[in-house]
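Only the coordinates and a few stated rules stand behind these numbers; no lab work does. Quantities reported herein were computed from a predicted structural model and do not represent experimental measurements. Ideal geometry is used to build each Cβ from the backbone, glycine not excepted, and the neighbour counts take in all protein chains shown.
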Amino acid sequence: MTVGVRTPLVLADAHGRVATDLRVSLTDRCNLRCTYCMPADGLEWFPTEEVLTDDEVLRVLRVAVEQLGVTKVRFTGGEPLLRRSLERIVAGTKRLRTRTGGTPELSLTTNGIGLDKRVHALAEAGLDRVNVSLDSLDRDRYAALARRDRLDAVLAGLAAAEAAGLLPVKVNSVVMRGVNEPDVVPLAQFCLERGYQLRYIEQMPLGPRHEWDRSKMVTQAELLALLGQRYRLAPASEQRGSAPAELWRVAADDTQPGGLIGVIPSVTAPFCGACDRTRITADGQIRTCLFSRTETDLRTPLRAGASEEELAQVWAGAQSRKAPSHGIGEPGFEQPARTMSAIGG
């Protein structure tokens, strides 16, 4: 036996899963007020002093990548483009090295507003791709859902991401019964024509308290039925693995070249059993699941001078206690106190 050689830490839990995908929220603030995410008058934002500084974010990321084996980092919010130093954070993260000597894969989840003005700088800093939220192509429906008339800005952001080579451009769409069901096929056609990869998302209980109604959620089965009326679909792969989306291949026709469409059935067919994610909120809390009822404070030891090894131990300990599933639909399920913007998508 080799003496003095320590086994590298990993973010393993008691259910055989290892987290290598980090979602790091850079702000809880947002310039939209989407109905499924927050109240019309917004939320009480974190005080500035509670939000991790740039240097603190980069130190947390170094712990994740170099100490704990994270290989993928996604920057989220709120709206991460509201973080003025986003390019600096992206560049600093790209300089990190994974355990195999490579660079971490970096992505951004955004509502797309202002992306066209920053996308080239972000690409130069090392960003690999983007996920842009778009729930309707109808101006009135978009404005009603987002409570802001910013559809043109989102479309400009998508086009700019494609031009900057952040491929594949992915589009996220939450579909709600009686609200934007008419957009299901138009969104698919829009994305297929442009080579974007669309991901429909089943609405989850992460918005204003007590407002989620499962009966108003459009399920994966219903989405596929709507798409099947217009396109020929076939499963894209046998195994979903740790990916949140189930992928379907759309056959080409005389109006579009074919492509991939995904559905993220987080409620009706969750991927909890293969989940490989861990999360850090903008105020420095470890969350092992979107729906966690508990958090582990990383900001306090970080600011108290803990070493990176000590921070890694705190994180690994939190991850080891991850629940087997999010529990939606189980007796006793409670929506987390934080909304999506305060957790990080």
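Histogrammed with a bin width of 5 Å, the alpha carbon distances of the stretch 1-105 distribute as 2, 11, 18, 18, 15, 14, 11, 6, 2, 1, 1, 0, 0 percent, first bin at zero. Just checking the listed ones, G262, G92, G228: in the Gaussian network model of the chain with Cα springs under 10 Å, the one fluctuating most is G228. Could you pull out which residues in the stretch 72-96 have an amide N less than 16 Å from a spot 7 Å beyond the Cα of R147, following the Cα-Cβ vector? From the stretch 72-96, the list is 78-79. Taking only the Cα atoms of the chain, the radius of gyration and Dmax are 19.9, 68 Å.
Antiparallel DSSP bridges in the chain: what percent, to the nearest 5?
Working: 16 of 46 bridges.
Roughly 35 percent of the beta bridges in the chain run antiparallel, per DSSP.
In the chain, the calculated helix contribution to ellipticity at 222 nm averages -7500 deg cm²/dmol per residue, counting -39,500 (n - 2.57) for every DSSP H run with n ≥ 4. With q set to 0.09, 0.12, 0.18, 0.20 Å⁻¹, the log10 of I(q)/I(0) for the stretch 86-218, from the Debye formula over equal scatterers at the Cα positions, is -0.31, -0.53, -1.00, -1.13. As a rough footprinting exposure proxy, the listed residues K170, K94 were ranked by other beta carbons within 10 Å of their own, and the order from fewest upward is K94, K170. Between the amide H of Q256 and any residue lying 5 or more places away or on another chain, no distance stays under 5 Å, with hydrogens modeled in the peptide plane. Straight-distance candidates among the lysines for linking to K322, with alpha-carbon spacing under 20 Å and chain neighbours fewer than 8 residues away dropped: K72. Within straight-line reach of K94, meaning a Cα separation under 17 Å, sit the following aspartates and glutamates at least 8 residues removed in sequence or on another chain: D21, D54, D55, E56, E66, E105, E124, D128. Arranged from fewest to most other beta-carbon atoms within 10 Å of their beta carbon, T294, T255 become T255, T294. Cysteines of the chain lacking any other cysteine Cβ under 4.7 Å from their own Cβ: C30, C191, C272, C275, C289. Kirkwood radius for the stretch 113-183, taken over all pairs of different Cα atoms as the inverse mean of 1/r, rounds to 12.8 Å.
Measuring between their Cα centroids, the stretch 64-91 and the stretch 129-154 lie 24 Å from each other. Taking R0 as 51 Å, what FRET efficiency do you get between R303 and A225 from their Cβ-Cβ distance, rounded to the nearest 0.05? E(calc), rounded to 0.05, equals 0.50. 3J(HN,Hα) couplings calculated from phi for the stretch 84-91 with the Karplus curve 6.51 cos²θ - 1.76 cosθ + 1.60 (θ = phi - 60°) are, in sequence order, 4, 8, 4, 4, 5, 5, 4, 4 Hz; Gly and Pro show x. Residues whose amide H comes within less than 5 Å of that of G112, counting only those at least five positions distant or on another chain, are S133 (H built at 1.01 Å from N in the peptide plane). Among S237, S325, S341, the order by Cβ neighbours within 10 angstrom, fewest to most, reads S237, S325, S341.
With 0.36 nm allotted per residue and the present C-alpha distance subtracted, the R95-A274 stretch has 61.6 nm of extension available.
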